[in-house]
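The numbers here are math on the coordinates, done by the rules we state, and not lab data. All values reported here derive from a predicted model rather than from experimental measurement. Please note: Cβ atoms are built from the backbone with ideal geometry, for glycine as well, and neighbour counts cover all protein chains shown.
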């Protein structure tokens with residue numbers, strides 16, 4: 001017998017084995033329940049990959065529990081996302097080709113990020129040495145006339161060679177902050 005009632009008011013009857021299992025259910029079952037929400041272990045993986053991913057996820061869950069005991073209220077998936085982001089940011093080898101899409105990570109790592117003047121491009125009336133400032137554009141800043149903020153300074157160490165204002169501190173913020181749009 002349980003203390004629960006069904007919709008008609010009758011006592012809910014469960015088998016004795018179910019009651020014993022629920023009474024003695026321990027941490028292993030709870031960990032299995034929590035890790036079930038993360039679909040990292042696929043059917044097509046080799047056995048050693050399944051074991052590796054399971055151990056990594058269990059380690060991350062243990063770290064999350066320690067983080068929660070220190071007063072954090074972050075969800076496990078957000079915690080896992082933050083861990084992966086930090087591991088990518090500290091990766092020793094990153095692809096620095098322009099189409100790699102790793103500009104947000106590459107700007108925070110590496111040692112060759114120095115401001116340099118942009119060379120003139122184009123011909124005739126279209127030639128310019130200015131480029132839109134990436135940080136000012138992310139913040140929605142405009143000039144007094146309403147046009148985007150342009151600068152002659154770029155970072156050639158970043159894959160996309162972004163334009164960045166040196167005078168306003170945009171260069172430093174782009175290379176030290178994850179979210180420079182604030």
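Just checking, how many residues over the stretch 1-45 are loosely packed, with under 12 Cβ neighbours inside 10 Å and within 27 Å of the chain's Cα centre (by Cα)?
Total satisfying the criteria: 9.
I'd like the residue in the stretch 127-157 that is touching a residue at least 40 places away in the same chain (Cβ under 8 Å) and outside any helix (DSSP H, G or I) and, out of all such residues, is surrounded by the fewest Cβ atoms within 10 Å (Cβ to Cβ).
156
Being in contact with a strand residue (DSSP E or B) (Cβ under 9 Å, 6 or more places away or on another chain) and either over 17 Å from residue 117 (Cβ atoms) or in a loop (DSSP other than H, G, I, E, B) (or both) is the filter here, so list the residues in the stretch 158-173 that pass it.
Selection gives 161, 162, 164, 165, 166, 167, 168.
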